[in-house]
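Here is the structure we will look at, set down as structure tokens.
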Amino acid sequence: MQRRQFIHALAAVSASSPLLLASATARAASGKVAVPLDSARWSPLNVQRLQLLLSQHGSASAGYRAERKPYAVFDWDNTCIMNDCEEALLMYQINHLQYKLTPDEFRQVLWRDVPDETFMADYKTVDGKLVRMADIAADVESDYRWLYANYQGLAGSRSLEDVQASDQFKDFRAKLYFMYDAICDSFPLEIGYKWIIYFYKNMSTAELQAMALASHKAALGDALRKVRYESPRSLPGRAGVVADSHFHGIRVHEEIRGLMHTLRANGIDVYVSTASIDDVVRVFAGHEDFGYGVPPENVIGLRLEMDKGRYSDRYLNGWHFNWGPGKTVGIRQQLQAKKGYGPILVAGDSDGDAWMLRDFADTSVGLIVNRMKKGEIGADSKLAAEQLGQPQARFILQGRDESTGLMLPDEKSLKYGKSERKLLA
């Protein structure tokens, strides 16, 4: 897929382009812009709104103070990129059996903070039976013990390709991924989002980030596709046969990457607030191969306790859960308390971002990557729809095509597998 590269030099842009027309409108309204935004595939209304923000708060504005630099905060998954890099890493870790856990340690992680209850009715077997945590955990543990004893990367002698062909591996993959979705939806979301990172236990930061880099690159090279994984009927185990789908593939949102560069070129700092573990997102946000240029210290996410330089399966004591209202807590504690003011721009896509999008009096623009969701983000999206075309809109919607991963020059989005763009859920 060809990707638009961010244009730093204004001289490279024709004076008759829509970019200059949009920036000229913003300048006329409220002053100069040091480096204008590449219009790319932004909604034209959003180009104007973001240009206005740059002219009002950037380094070329009359009130700019270098010692009081404005800053912007971006969610990562499904905002800066298409799809979720930590869920992609979960599938990558499963497929490559990259664990540093004995079978007994694996069992401990499986049960970490998860109640022994029946999952919600949406998570039944293919035969329509309810699934209990104890039953599916026993099946996954049994599979892991077999894989641990057989795979050469653990304690066995068989190749990865060989064990991947086994029914034990297929059962392990389908049931472990099913467990993740079922835990997230059946219990408080905090349980599932922390549970997924406990499987990094015994890895060093360098080992985790090497695995994350390989996963990110594999996902960028993969097709955007939804794959259904069903456990083999030859191994029903205690839980029975289950199935779940994973949305493969990741895409860079060039418009977001370009916006980050434009903000920095206008003297505005860029931060990331994520509900993934921060060390995984730091690889994507900061590695030179991906081009976002976000320093590791500017990423706020989930964190684990360390034990002799390796991750444990315990959440960092005293560290907030960086999702929903917790993202507001993180920004207040890590940024606002030190700077004395809130972000001028916040970008997100889901309920995990809804609060930080609206909680700060200093925020001029809440940018929503439009996934046509309900809930808390749906309320913010409705406000954005009501403010369409307003020069000082507090919330704006940015559309994208989920079949290509590309932004659309529209507020409306196109869901994966659909043919009609829509504005709201």
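Here are the numbers:
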quantity: Number of positions in region 390-416 that are touching a residue at least 40 places away in the same chain (Cβ under 8 Å) and farther than 22 Å from Leu50 by Cα; calculated: 5
quantity: Qualifying positions in region 337-364 - crowded, with 18+ Cβ neighbours inside 10 Å and in a helix (DSSP H, G or I); calculated: Asp351, Gly352, Asp353, Ala354, Trp355, Met356, Leu357
quantity: Residue satisfying condition, being charged (D, E, K, R) and in a strand (DSSP E or B), within set Glu255, Glu297, Glu305; calculated: Glu305
quantity: Of residues in region 301-352 being among the hydrophobic types (A, V, I, L, M, F, W, C) and over 25 Å from Ala379 (Cα atoms), the one farthest from the chain's Cα centre (by Cα); calculated: Ala337
quantity: Single residue of region 66-104 satisfying the filter (under 25 Å from His246 (Cα atoms) and among the aromatic types (Phe, Trp, Tyr)) that is surrounded by the fewest Cβ atoms within 10 Å (Cβ to Cβ); calculated: Tyr92
quantity: Filtered residue count, region 66-103, keeping only those that are assigned to a helix (DSSP H, G or I) and in contact with a strand residue (DSSP E or B) (Cβ under 6 Å, 6 or more places away or on another chain); calculated: 2
quantity: Only one of Lys327, Lys373, Lys382, Lys415 that is outside the structural domain of Gly221 (by the TED database) and more than 21 Å from Ile256 (Cα to Cα); calculated: Lys382
quantity: Single residue of Gly63, Gly128 found to be out of contact with any helix residue (DSSP H, G or I) (no Cβ under 9 Å at 6 or more places or on another chain), assigned to a loop (DSSP other than H, G, I, E, B) and surrounded by fewer than 21 Cβ atoms within 10 Å (Cβ to Cβ); calculated: Gly128
quantity: Selected residue (only one of Ala239, Ala210, Ala243, Ala223 is outside the structural domain of Ser59 (by the TED database), crowded, with 21+ Cβ neighbours inside 10 Å and of a type in the set (A, V, I, L, M)); calculated: Ala239
quantity: Residue identified as of a type in the set (Gly, Ala, Ser) and at pLDDT below 95 among Ala88, Ala60, Ala72, Ala34; calculated: Ala34
quantity: Residue among Arg112, Arg107 that is open to solvent by 40 Å² or more (accessible area, probe 1.4 Å), outside any loop (DSSP other than H, G, I, E, B) and either of a type outside the set (Gly, Ala, Ser) or modelled with pLDDT under 95 (or both); calculated: Arg107
quantity: Subset of region 131-156 that is without any contact (Cβ under 8 Å) to a residue 24 or more places away in the chain and in a loop (DSSP other than H, G, I, E, B) - its residue that is least open to solvent (accessible area, probe 1.4 Å); calculated: Gly156
quantity: Qualifying residue in region 181-191 (condition: buried (at least 20 other Cβ atoms within 10 Å of the Cβ), aromatic (Phe, Trp, Tyr) and not assigned by the TED database to the domain that holds Phe321); calculated: no
quantity: Search result, residues across region 277-310 that are under 23 Å from Arg107 (Cα atoms) and touching a helix residue (DSSP H, G or I) at 6+ places or on another chain (Cβ under 7 Å); calculated: Ile277, Leu302, Arg303, Leu304
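Yes or no, residue by residue, for (1) of a type in the set (Asp, Glu); (2) open to solvent by less than 10 Å² (accessible area, probe 1.4 Å); (3) over 18 Å from Leu89 (Cα atoms):
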residue	(1), (2), (3)
Val163	no, yes, yes
Ser166	no, no, yes
Lys170	no, no, no
Ala174	no, yes, no
Phe178	no, yes, no
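The values are calculated or read from the model by the stated rules, or taken from the named source; none is laboratory data. Note that the coordinates shown come from a computational prediction; the quantities given were computed from them, not determined experimentally. With ideal geometry, Cβ positions are generated from the backbone for all residues, glycine too; neighbour counts draw on all protein chains shown. In case anyone asks, the SASA skips ligands and DNA or RNA and just uses the protein heavy atoms, side chains included. Shrake-Rupley method; radii C 1.70, N 1.55, O 1.52, S 1.80 Å.
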